[in-house]
1. Angle, helix 31-53 long axis vs. longest principal axis of the chain, Cα atoms, 0 to 90°, nearest 10?
2. By how many degrees, 0 to 90 and rounded to 10, does the Cα axis of helix 3-22 deviate from the longest principal axis of the chain?
3. Run the simple label-point estimate for ILE22 and LEU42 please: 7 Å along Cα→C-beta, distance reported in nm.
4. I'd like the trypsin sites (Lys or Arg not before Pro) in the chain restricted to DSSP loop residues with at most 12 other Cβ atoms within 10 Å, sorted by number.
5. Just going by the charge dipole of segment 3-53, with Lys and Arg at +1 and Asp and Glu at -1 on Cβ, which of GLY26, ALA47, ILE11 is farthest out on the positive end?
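Each value in this text was obtained by applying a stated rule to the coordinates, not by laboratory testing. These numbers were taken from a predicted model, which means no experiment stands behind them. Positions of Cβ are generated from backbone atoms using ideal geometry, with glycine treated the same way; all protein chains shown enter the neighbour counts.
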Amino acid sequence: RHKGFHFLFAITEPLLKPLRRIFVAGMFDFSPIVAMFIVQILTGFLAELVSRSS
C-alpha cells in the first residue's frame with residue numbers, strides 16, 4: 001500500500017474507530033461525516049475560547 005494511505009489511516013482511525021462502533025456501517029459509513037461535524041464544533045469552541053482570552 002501507499003505510504004500516504006498509512007499516514008492518513010494513522011491520523012484518522014483514532015477518531016473514526018469509536019464512531020464506527022456507535023454508528024454501525026450499513027450501506028453507507030456515516031462515521032467520517034460525524035467526525036467532521038465534531039471537529040467543526042470543537043474548532044468553533046476553541047476559537048471562541050481563544051478570542052475571549054485575548
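1. With rounding to tens, the tilt is 20 degrees.
2. 80 degrees
3. 1.2 nm
4. Taking the chain and a limit of 12 other Cβ atoms within 10 Å, the loop trypsin sites (Lys or Arg not before Pro) found are ARG1.
5. ILE11
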